[in-house]
Amino acid sequence: MNYWGPNLARNFARLDGSSLSWCCDLDEAVLDRHRSAYPATGFTTRMDDLLEDPGTDAVVIATSVPTHAALAKRALEAGKHVFVEKPLALRAADAREVAAIAQDRGLICMVDHLLVYHPGLQKVKQIIDDGLLGEVFYLYGNRQNLGIVRADENALWSLGPHDISVMLWLVGERPTEVSASGESYLQNGVEDVVFGRIRFPSGVLGHLHLSWLDPHKMRKMTVIGRDKMVVFDDMETERKVTLYDKGPVPRTETYGEYIQVRSGDIHIPKVPGVEPLKVVCQEFTQAVRTGTPPLADGRAGTVVVEVLEAMTESLRSAGAPIALTSPEDAR
Ligand SMILES: NC(=O)c1ccc[n+]([C@@H]2O[C@H](COP(=O)([O-])OP(=O)(O)OC[C@H]3O[C@@H](n4cnc5c(N)ncnc54)[C@H](O)[C@@H]3O)[C@@H](O)[C@H]2O)c1
């Protein structure tokens, strides 16, 4: 309930079909800041109060990342549905275990990969799936800022889950290989800037630039297709998505050695101005009510952690490519 948790509390408290029965934090001072906003809600430092309450169906976990998997397991083992902040876990094995417990017990496990619920990125996904870009060649994400410098996680783990979850969903394939390189300028051993690469089986290449040491505040995803190109820019208010009718034209004898470039209309589709976190909270509530797994379920959250883990291995091995194998591949 410190920095991000209050955003979740606000959304779940306001949503039709859900009520905020408890707020839990180990720190009483943090809880004290929110008591007056939710007079009908119980405030506690004991997670067991939530788990032992038969009237509580689901637990939302927005604690520090190293605690995610253990707290999610406790909640699931107590029979509660869980919503877990990104990333689902620090290790792929733990993420798999959380997802498996949820599946075995018929409970919902959702990860807050909120950008896959962003109306702008939903539009980008629709543009790709409708074939407007033609064959997708590559995509890249920019997540830069002179922003919060975290000591307990690097730029890859703090910022990367957003772009990785979006790329996996947009491409719709399980990556085969990743690599990453980065540098720690401000704190020893904590990378402030990371460049990541994701290779998909169809040949699509994804690239990430993640940094909290940068003059630009950028929240962008660019997808390049054979026929058109699309840009999602979350820093824009009116122009979240721009579709460029630009691309190379196949070489013709008439123009000798030149490859022509076609530059046509620029289209700005309308994108509804909805808070993505509200959509995320609605999807979780709906999933709990209907039993239908959400888009960002435990399985999707696990693949994101697998990519993060393999990129970390690459970071520690001077950017060497790391094959992404799943436990199924190893059998
Ligand atoms: N989806 C997003 O865009 C987004 C943005 C920011 C943060 N986050 C995520 O939200 C989570 C929290 O981030 P933050 O910046 O709010 O961190 P924070 O350190 O400000 O707050 C974490 C809070 O959790 C409490 N806590 C830790 N262990 C606990 C436990 N076992 N039981 C109860 N409370 C416990 C701490 O006392 C603290 O108040 C992280 O997972 C982070 O990745 C997501």
Take region 13-51 and flag every residue that is part of a helix (DSSP H, G or I), within 15 Å of the ligand (Cβ to nearest atom) and surrounded by fewer than 16 Cβ atoms within 10 Å (Cβ to Cβ).
E28, A29, D32, R35, D48, D49
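Kindly evaluate V194 against the criterion of being within 16 Å of the ligand (Cβ to nearest atom) and crowded, with 22+ Cβ neighbours inside 10 Å.
Numbers: within 16 Å of the ligand (Cβ to nearest atom): yes; crowded, with 22+ Cβ neighbours inside 10 Å: yes.
It is true that V194 is within 16 Å of the ligand (Cβ to nearest atom) and crowded, with 22+ Cβ neighbours inside 10 Å.
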As an exercise: evaluate G131 against (1) surrounded by fewer than 18 Cβ atoms within 10 Å (Cβ to Cβ); (2) within 15 Å of the chain's Cα centre (by Cα) and give the number of the one condition it does not meet.
(2)
Selection from region 107-128 of residues that are closer than 29 Å to V193 by Cβ, of a type in the set (D, E, K, R) and surrounded by fewer than 22 Cβ atoms within 10 Å (Cβ to Cβ)
K125
Quick one: in region 282-320, of everything that is more than 17 Å from the chain's Cα centre (by Cα) and among the basic types (K, R), which residue is farthest from A99 (Cα to Cα)?
R316
Looking at (1) within 28 Å of V204 (Cβ to Cβ); (2) surrounded by fewer than 17 Cβ atoms within 10 Å (Cβ to Cβ), can you tell me which one I148 breaks?
(1)
Please give the number of the condition D152 fails out of (1) within 16 Å of the ligand (Cβ to nearest atom); (2) modelled with pLDDT of 95 or more; (3) in contact with a helix residue (DSSP H, G or I) (Cβ under 9 Å, 6 or more places away or on another chain); (4) of a type outside the set (G, A, S).
(2)
Answer residue from region 52-66, given it is more than 18 Å from the chain's Cα centre (by Cα) and outside any loop (DSSP other than H, G, I, E, B) and is nearest to V30 (Cα to Cα) among those
V59
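Any idea which of K217, K240 is surrounded by fewer than 16 Cβ atoms within 10 Å (Cβ to Cβ) and more than 19 Å from V307 (Cβ to Cβ)?
On the way: K240 fails: surrounded by fewer than 16 Cβ atoms within 10 Å (Cβ to Cβ).
On inspection, the qualifying residue turns out to be K217.
The values are calculated or read from the model by the stated rules, or taken from the named source; none is laboratory data. Being a predicted model, the structure only gives us computed values, none of them experimental. Using ideal geometry, Cβ is built from the backbone for each residue, glycine included, and neighbour counts are taken over all protein chains shown.
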